[in-house]
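Structure first, then comments.
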Amino acid sequence: SCGCIVREQARRNIRGKMTTHGQSGTRVYQIWLAMKNRCLRKSNRQYKDYGGRGIAVCDRWLDSFENFYSDMGDPPSDAHTIERRDNDGGYTPENCMWATRQEQSNNKRSNRLVTHSGRTLTITQWARELGIPPMTIHNRIKRGWTIQDALKKD
């Protein structure tokens, strides 16, 4: 024998399935699968917001969890998930980072960005910083208030 059968048997787990990286049960592997499913599976409930609008997984990561893991590593905490810096860009090493849900909420397409005193933040970020409910700021702007007045605390 050339030894191929021995190598193949060594790569099988207890259930007889082939293993390569030994991380199929890890959180980072599940994140990789979910990323691919959002972009590739039309039956995925999030497909319309990802694959349906042209968001793709780069070739380097598409069929290689090992490459994904080599580029991204483990999330820093259980609170971190994968985030694209450019919301209209694909999943690539250059465009992805680990971020918390709160950090990700600042990068949504639906966010309203408000510039005041040379700083641009989302309404939620302004609200958090100024101690004003986000809906108060939103409603003030909707009613035609200036940004300066909308961001004033009563």
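Some observations on this one:
- When residues of the range 42-93 are limited to those that are basic (Lys, Arg) and open to solvent by 60 Å² or more (accessible area, probe 1.4 Å), the one modelled with the lowest pLDDT: Arg85
- Any chance Ala150 is over 30 Å from Thr26 (Cα atoms), touching a residue at least 12 places away in the same chain (Cβ under 8 Å) and open to solvent by less than 80 Å² (accessible area, probe 1.4 Å): yes
- Test: residue in the range 123-146 that is open to solvent by 70 Å² or more (accessible area, probe 1.4 Å), at pLDDT 90 or above and closer than 16 Å to Ala34 by Cβ: no
- Residue in the range 98-107 that is crowded, with 16+ Cβ neighbours inside 10 Å, in a strand (DSSP E or B), at pLDDT below 90 and of a type in the set (A, V, I, L, M) present: no
- When residues in the range 108-122 are screened for being buried (at least 17 other Cβ atoms within 10 Å of the Cβ) and of a type in the set (A, V, I, L, M), 2 of them pass.
- Condition broken by Cys39, with the remaining ones in (1) closer than 24 Å to Thr100 by Cβ; (2) at pLDDT 95 or above; (3) not in a helix (DSSP H, G or I) satisfied: (3)
- No other residue among Ile137, Ile55, Ile141, Ile132 is over 23 Å from the mean Cα position of the chain (by Cα) and either in a loop (DSSP other than H, G, I, E, B) or aromatic (Phe, Trp, Tyr) (or both) apart from Ile132.
The values are calculated or read from the model by the stated rules, or taken from the named source; none is laboratory data. Values in this document were obtained by computation on a predicted structure and should not be read as measured data. Counting neighbours? That spans all protein chains shown, and the Cβs are built from the backbone with ideal geometry, glycine included. These area figures cover heavy atoms from the full protein model, side chains too; ligands, DNA and RNA do not enter into them. Shrake-Rupley method; radii C 1.70, N 1.55, O 1.52, S 1.80 Å.
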